Amino acid sequence: MTRSPRRERRRDGPAKGSCFNSVSACGTHQISFRDASGRDQGALLSVTFATMTVRPPIGKQKRYERLRLQIIHARETDPPADRPPLFWKLITNLNVATHDDAVRMLDWYARRWSIETFFKTLKTGCRIEEVRLTTADRLANYIALCCVLAWRIHWMTMLRRGHPEAPPGAVFTDLELEFLERLMPTTKAGAARSLDPYMIRVARLGGYLARSRGPPPGATVMWRGFGRLADLVEGYAAGKDRQTACG
């Protein structure tokens, strides 16, 4: 059987999976993360990198240059029995010459999920793809406003996960705190206030069930919750003003 010309080798050297056979690990990298249930996890990754040159398809080699790519593998060395081991495979055209360079690429890639969550908030929460504005200036202003809103929702969601003991005043106004305490009075009298229970109350406004073994609330739930909170607090403030005027 003859091979099609377009299926000839397009790499210089071994294939991607075998280019690590003669390459030893350059070092290790310790990471911390949360699993799907929100539990803190840690992993020690063995980091390896190699170089691969990719040629363009036959017939296009005169128009396109060869790509010199860096392949990075990060494999967990001693995974626990209750979850599958971590194994990251990255390909980049950025320079990777040392272990520190490879770790920097891993750190950059680890931020990818936060970026995806931010854009999900823009699309799902702000519904930015459904806007029908007729001028570029109006569209630019709307996108700028939505970016601020999406960033705030994303920041508050990540703040609650990373620093649940932070003071709630870093996120909520005094009126919002007063309303949430009246709405769901679960905090004991005299107890120190922390951010986590207030964020859970907002998430429950957005439909979060707050099960003991459930995952932490995501950006979409927090978006719905803060949207309801804004409407409820406005009505709560109007009621307080009326009582003050009548009193």
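Listed values, structure above:
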{"quantity": "Cut-off under 5 Å, modelled amide H: who pairs with R34 long-range", "calculated": "Q41"}
{"quantity": "Heavy-atom accessible area ranking, 1.4 Å probe, most first, across E176, E65", "calculated": "E65, E176"}
{"quantity": "Surface accessible to a 1.4 Å probe, per residue, for the residues of region 48-179, Å²", "calculated": "68"}
{"quantity": "Which of T124, F179, L209, positive extreme of dipole for region 93-244 (C-beta unit charges)", "calculated": "L209"}
{"quantity": "Chain lengthening between V23 and L44 when straightened (0.36 nm per residue, less Cα-Cα)", "calculated": "5.7 nm"}
{"quantity": "Radius, Kirkwood style, for region 55-130 when every pair of distinct Cα atoms is counted (Å)", "calculated": "16.0"}
{"quantity": "Vicinal HN-Hα couplings computed from phi for region 77-85 (Karplus, 6.51 cos²θ - 1.76 cosθ + 1.60; Hz; Gly/Pro x)", "calculated": "7, 9, x, x, 7, 8, 8, x, x"}
{"quantity": "Spin-label pair N141/L90, simplified geometry with 7 Å Cα→Cβ offset, distance in nm", "calculated": "4.1"}
{"quantity": "Coordinate range along principal axes, alpha carbons of region 106-181, Å, largest first", "calculated": "44, 41, 17"}
{"quantity": "Probe 1.4 Å, all protein chains present, accessible-area order of E178, E116, largest first", "calculated": "E116, E178"}
{"quantity": "Heavy-atom accessible area order for M105, M158, largest first, 1.4 Å probe", "calculated": "M158, M105"}
{"quantity": "Local electrostatic count at A210 - Lys and Arg +1, Asp and Glu -1, tallied over other residues with Cβ under 14 Å", "calculated": "+4"}
{"quantity": "Cross-link reach list, aspartates and glutamates versus K120, counting only Cα pairs under 18 Å and skipping chain neighbours closer than eight places", "calculated": "E129, E130"}
{"quantity": "Residue-level accessible surface for R193, protein heavy atoms, 1.4 Å, Å²", "calculated": "110"}
{"quantity": "Region 101-247 - charge dipole about Cα centre, Lys and Arg +1 at Cβ, Asp and Glu -1, debye rounded to 20", "calculated": "460"}
{"quantity": "Debye intensity ratio in log₁₀ form over the Cα atoms of region 20-84, taken at each q of 0.19, 0.24 Å⁻¹", "calculated": "-0.81, -1.01"}
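The values are calculated or read from the model by the stated rules, or taken from the named source; none is laboratory data. Because the structure is a prediction, the values reported are computed rather than measured. Quick reminder, even Gly has a Cβ in these numbers, built from the backbone with ideal geometry, and neighbours come from all protein chains shown. These area figures cover heavy atoms from the full protein model, side chains too; ligands, DNA and RNA do not enter into them. Shrake-Rupley method; radii C 1.70, N 1.55, O 1.52, S 1.80 Å.
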